[in-house]
Amino acid sequence: MNKKIKLIIIEDHALTRIGLKTTLEESQKIEVIAEAEYGEAGVKLAQELEPDIVVMDLGLPNMNGIEATQAIKTHNNNIKVLILTSHDSEDQVMQALKAGADAYCMKDVNPTRLISIIEGIAEGGVWLDPAIAKAVIGKVNISEQICNDESKQEKLTHSPLTDREIEILQLLANGLNNIDIAQELSVSQHTVKAHICNILQKLSVDDRTQAVARAMRQGWIK
């Protein structure tokens, strides 16, 4: 990206918020344009300023991070939401993803890695912290449920995706964005986008996070 990534931080602990801002602004690609202590204020800022990314804590007073995420994504689904939290319970992970979160990261993440994750999701990548990935794999709801019907089991066991689509899903799971994938595979970004659209359609999912989670659950990618 040539322009800076516009970012809003929603975090109720002042010291954490200040430290996070300082860390992120070490990147020449990121500009923290606003901060909020409460969910309601953060949602209002996101609606007014239309940032590229919102970094969201879950444990906010009054309107929590899940509710705030849902409100932001309902207003503008193009705004990416990265959950940055110390909570790793399965229920909260799943609620956050269902609310529309594009990434879920634990607060003990390496600062350099966090910057890399933010830059990646700004370009359309997804990120699930390894610490919570198993919860997603084990509990994510997929559109086609496994049943006793052998034909349906066959359909789920054997991927409906092409080898190239599986390869792209694996790269998404590894945290690569569209630009990185295009370079890795020596194809155009347009081709990558077309493959991703096909993947979402074939898997009957709404976004890349759900696609990656389903593929991991089925064992199609690692």
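The values are calculated or read from the model by the stated rules, or taken from the named source; none is laboratory data. Here the structure is a predicted model, which means the values were calculated and not measured. Glycine also receives a Cβ, built like all others from the backbone with ideal geometry; neighbour counts cover every protein chain displayed.
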Being within 20 Å of the chain's Cα centre (by Cα) and within 12 Å of Ala68 (Cβ to Cβ) is the filter here; which residues of the range 34-55 pass it?
Gly39, Gly42, Val43, Ala46, Gln47, Val54, Val55
Kindly list the number of the only condition in (1) aliphatic (A, V, I, L, M); (2) surrounded by fewer than 20 Cβ atoms within 10 Å (Cβ to Cβ); (3) part of a strand (DSSP E or B) that fails for Leu7.
(2)
If you check Ala14 against the conditions, is it without any contact (Cβ under 8 Å) to a residue 40 or more places away in the chain, of a type in the set (Gly, Ala, Ser), in the same structural domain as Asp108 (by TED's automatic domain parsing) and surrounded by 14 or more Cβ atoms within 10 Å (Cβ to Cβ)?
no
Somewhere in the range 44-62, is a residue hydrophobic (A, V, I, L, M, F, W, C) and modelled with pLDDT under 95?
yes
Restricting attention to the range 56-93, and to residues there that are over 24 Å from Lys3 (Cα atoms) and of a type in the set (Val, Ile, Thr), which single residue is farthest from the chain's Cα centre (by Cα)?
Thr74
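Taking only the range 68-102 into account, find how many residues are part of a strand (DSSP E or B) and either free of Cβ contacts under 8 Å to residues at least 40 places away in the same chain or outside the structural domain of Gly19 (by TED's automatic domain parsing) (or both).
Total meeting the criteria: 3.
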